[in-house]
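Below: the structure, in structure tokens.
Bear in mind that the values in this text are calculations on the coordinates, not laboratory data. Quick caveat: nothing in here was measured; it's all calculated off a predicted structure. Cβ placement follows ideal geometry from the backbone for every residue including glycine, while neighbour counts extend to all protein chains displayed.
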Amino acid sequence: MFIFEKEQKVWDINGVKIGGQLGSYPTVLIGSIFYDKHKIVSNRQKGIFDKEQAEALLNKQDEMVDKTGNPCIVDIVGDTAEALIKHIDFVASVTEAPFLVDSTIAAARLEAIKHAVEVGLVDRAIYNSIDVHSKEDELNTLKELGIKSSMLLVFSPKALMPEGRLELLKGSSGEEGLIQKAQRAGIQNILIDTAVLDVVSISFAAQTVHSVKNELGFPAGCGPSNAITAWKKIKKDFSPTSYKACLSGSVLVTVMMGADFALYGPIEEAESVFPACAMVDGLISYYNKRKYKIRPESPTHPLTKIF
């Protein structure tokens, strides 16, 4: 195990602590709901879904939080502003967890997060995300709304290696970095998503997590599940059990490199991912407690919950 050279930032988002040295706080696990092709959604444009099934999934994730000590965030996905707003209102009524406002359409994200502010959910809302394509009007709107928390998606086809991704964050040759962009938008709680493209790129993303924390100190993580869910060979040539093992394994690779959070994919996978991550968090904490005198800051850390 190891510790980071840079002093580590820790954010508190509606009671969920994210960041810190290895062993201080447990990994925050982020499950996605209402995602593309999610069977509980019957109309993606209007945000019509099976509320009973959705509530059961959210309750199961909260149950895993209680059992393992790993906090959660809900990744709320929507194709339109109408759908995303309905999704946010429902999730906020079922769970107290923070949530990502997630859409591939910037206008939908902005309208939905504006709604979150208007109904008093700004402390729980995390904008997903600011990236190299974010325009000035998007940044200005976030500042005007008083958005406190946002993901920064660190990706460019021109910067695939960890060194290049760090430059995207810090800026170079007079160009503004993503961190500066976020700060200009008034973002206080900056969460750095090191971007996974395919299965093999998980290695780059995991190394970038380590580099970001070691050099910049910001909370960092990624979504390795995106690659695993699209991995056709593992689904074709191996059993469903193998797929679940690889999904959890992909998360653990990033956790061992210091990830503070992980987007673990479909919320249905909570029962597989939470115990595996809790085990690794406990092992890391036990070692760093003995080696570096870093004690868990959370009274419900997996080290005390599952061992």
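For Ala81, the shell of other residues with beta-carbons less than 15 Å away shows a net charge of -2, using +1 for Lys and Arg and -1 for Asp and Glu. Exposure proxy shown here: for Arg290, Arg184, Arg124, the number of other Cβ atoms within 10 Å sets the order, fewest to most, as Arg290, Arg184, Arg124. Legend: ranking of residues Val10, Val16, Val209 from fewest to most surrounding C-beta atoms inside 10 Å; resulting order Val10, Val16, Val209.
Computed over neighbours whose Cβ is under 11 Å from that of Cys72, the net charge equals -4, Lys and Arg +1, Asp and Glu -1. Annotated for the stretch 231-307: lysine pairs at least 8 residues apart or interchain, Cα distance under 30 Å, count 8.
Let me make sure I get this right: for the stretch 72-170, a, b and c are the square roots of the gyration tensor eigenvalues over alpha carbons, sorted descending. Under 1.5 in a/c it's rounded, otherwise prolate if a/b > b/c, else oblate. Which is it? It is prolate, given that a/c is not under 1.5 and a/b is the larger ratio. For the chain, a Gaussian network of Cα nodes joined below 10 Å ranks Ser248, Ser149, Ser239 by mean-square fluctuation, and the top entry is Ser239. Relative to the Cα centre, the charge distribution of the stretch 1-132, modelled as +1 at Lys and Arg Cβ and -1 at Asp and Glu Cβ, gives a dipole magnitude of about 180 debye. Take every pair of alpha-carbon atoms less than 8 Å apart whose residues are at least six positions apart; their mean separation over the length of the chain yields a relative contact order of 24 percent. Cross-link partners of Lys46 among lysines, defined as those whose alpha carbon lies under 16 angstrom from its own and excluding same-chain residues fewer than eight positions apart: Lys37, Lys86. Per the Debye calculation on the stretch 4-138 with a single equal scatterer at every Cα and no solvent contribution, log₁₀ I(q)/I(0) for q = 0.09, 0.18 Å⁻¹ amounts to -0.28, -1.03. Of the residues Thr80, Ser24, Ala56, the one whose Cα sits farthest towards the positive end of the charge dipole of the stretch 1-104 is Thr80 (charges of +1 on Lys and Arg Cβ, -1 on Asp and Glu Cβ, taken about the Cα centre). Scanning residues 5 or more positions from Asn189 or on other chains, those with amide H under 5 Å from its amide H are Ser149, Ser150, with H placed 1.01 Å from N in the peptide plane. When both the stretch 209-253 and the stretch 84-140 are represented by their alpha-carbon centers, they are found 25 Å apart.
Rounded to whole Å, give me the distance from the Cα center of the stretch 42-62 to that of the stretch 158-178. Cα centroid of the stretch 42-62 versus Cα centroid of the stretch 158-178: 38 Å apart.
What you get for the stretch 10-305, charging only the Cβ of Lys and Arg (+1) and of Asp and Glu (-1), is a dipole of about 840 debye around the Cα centre. Using a Gaussian network model of the chain in which every pair of alpha carbons under 10 angstrom is joined by a spring, one finds that among Ala125, Ala112, Ala83 the greatest mean-square fluctuation is at Ala83.
Given the alternatives (1) 35, 61, 5; (2) 32, 56, 12, 0; (3) 29, 52, 16, 3, 0, P(r) over Cα pairs in 20 Å bins from 0, in percent as computed for this entry is given by (1).
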